[in-house]
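Okay, structure first, notes after.
Read-outs throughout are calculated quantities, based only on the coordinates presented, and are distinct from any laboratory measurement. Predicted model, so just to flag it, every value in this text is computed and none were measured. Virtual Cβ from ideal backbone geometry, glycine too; neighbours counted across all protein chains shown.
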Amino acid sequence: MQNARLPDGSIINPKEYIPGIHDGNLRCPYCGAKVIFVSTNTTREPFLKTTGKSTESKHLDNCPQKRNVEVFNSIKQIRNYHPDPTRPSTGQHVLHLELGDLYHERKANTSIPEIGWDHPKKQLDYANQYPDKKNELPDRARTLKALARYIKNSEAVLASTIVKFNGAFYPISEIVIDQNMAHDIALTGNELERFIYGTVFSVVRLEKVMYINFDQQDGALPFTIVVFQKSFKKFTYTKEKLEGKNVLVRGIIRFNSRTNQTETTVWSNSQLEWVK
Ligand SMILES: [Zn+2]
């Protein structure tokens with residue numbers, strides 16, 4: 001967030017923050033939740049946030065800063081639900097994630113299939129849409145867009161969905177994750193490919209790199225999408241198209257000890273999709 005209220009009622013922005021004087025006195029101007037100042041780093045400008053560590057530092061439900069993102073409600077609810085994918089039961093639905101090789105576009109000198117997996121032709125209705133019969137769940141997701149649509153299914157559907165991905169079966173809650181789960185994975189040092197959902201708070205585009213930062217209210221941990229200059233031709237989404245939007249991003253999760261943040265690198269538009 002970009003504004004906070006001081007005890008005397010005045011409103012300040014992060015650039016007006018004075019360490020030692022404003023500490024402990026910053027409140028959300030809308031709901032009065034306690035907020036803290038977060039200083040600038042390589043990927044972003046300074047900002048203010050609730051920590052989520054106590055009820056005092058969480059936005060109230062009716063606060064405009066609450067970011068109660070409806071499109072993520074179902075997938076959020078099943079965050080801690082982990083059915084055993086090795087023993088599928090009759091009620092479970094298997095979703096085959098067939099998005100093609102993540103590194104497809106980065107590989108040089110490899111033969112290119114007649115129609116690439118992200119070619120517009122592959123994105124025709126037959127590949128993306130739900131089957132004709134309504135209420136029938138798709139068995140396959142061949143694009144990120146199809147997965148972004150799938151995660152809006154009900155909590156009950158998602159809780160019973162097993163994803164087949166890169167040759168193995170997983171509960172969908174282990175493959176499509178939030179930024180805090182991404183952080184946990186990053187800290188293990190395992191560089192896993194995952195689909196991370198969240199709301200874009202800010203985009204910082206520098207000459208050689210672009211940073212897309214996820215929102216951090218109420219205890220959401222830092223998560224940044226990094227796009228290097230060499231990928232600017234294939235990753236063409238702008239600040240205007242991204243800020244404030246709910247997205248799903250596909251990438252390898254990593255911890256950057258220099259910025260102290262979890263991040264993933266994206267090199268093509270096919271790795272980011274809006275969840276509407
Ligand atoms: Zn608030």
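Here are some notes:
- When only the Cβ of Lys, Arg, Asp and Glu is charged (+1, +1, -1, -1), the dipole of the chain relative to its Cα centre reaches about 420 debye.
- Taking the charge dipole of the chain about its Cα centre, with +1 at Lys and Arg Cβ atoms and -1 at Asp and Glu Cβ atoms, the residue from 78, 209, 38 reaching farthest to the positive side is 209.
- Directionally averaged projected area (convex hull, Cα atoms, the chain), nm²: 16.9 nm²
- Counting only DSSP H runs of at least 4 residues, each contributing -39500 (n - 2.57), and dividing by the residue count of the chain, the helix-based mean residue ellipticity at 222 nm comes to -3000 deg cm²/dmol.
- Residue-normalised convex hull volume from the C-alpha trace of the range 1-66: 87 Å³ per residue.
- Fewest neighbouring Cβ atoms within 10 Å first, the residues 232, 37, 195, 165 line up as 232, 37, 165, 195.
- Listed residues 11, 177, 78, most fluctuating in the chain (Gaussian network, C-alpha, under 10 Å): 11
- Rounded to 10°, Cα long-axis angle of helix 179-188 versus longest principal axis of the chain: 80 degrees
- Label sites at residue 241 and residue 191, each approximated as a point 7 angstrom past Cα along Cα to Cβ, lie 2.7 nm apart.
- Legend: distances between Cα atoms for 58/245; 164/230; 49/239; 53/239; 66/241; 76/145; pairs beyond 24 Å are 164/230; 53/239.
- Fluctuation leader among 188, 161, 264 - the chain, Gaussian network, Cα springs under 10 angstrom: 188
- Neighbour-limited loop hits for GluC sites (Glu not before Pro), the range 183-248 (at most 11 other Cβ within 10 Å; DSSP other than H, G, I, E, B): 207
- FRET efficiency for the pair residue 234 and residue 139, taken as 1/(1 + (r/R0)^6) with r the Cβ-Cβ distance and R0 = 35 Å, rounds to 0.75.
- Cβ-to-Cβ counts within 10 Å put 69, 266 in ascending order as 69, 266, the fewest first.
- Footprinting exposure proxy ranking of 178, 61, fewest other C-beta atoms within 10 angstrom first, gives 61, 178.
- Considering only 231, 257, 202, the mean-square fluctuation computed in a Gaussian network model of the chain, springs between alpha carbons under 10 angstrom, is largest for 257.
- In this label model, residue 61 and residue 10 are separated by 3.6 nm, measuring between points 7 Å along each Cα→Cβ vector.
- Loop-resident sites, the range 136-214, for trypsin sites (Lys or Arg not before Pro), counting at most 14 other Cβ within 10 Å (DSSP): 208
- Mean projected area of the convex hull spanned by the Cα atoms of the range 176-274, taken over all viewing directions: 5.8 nm².
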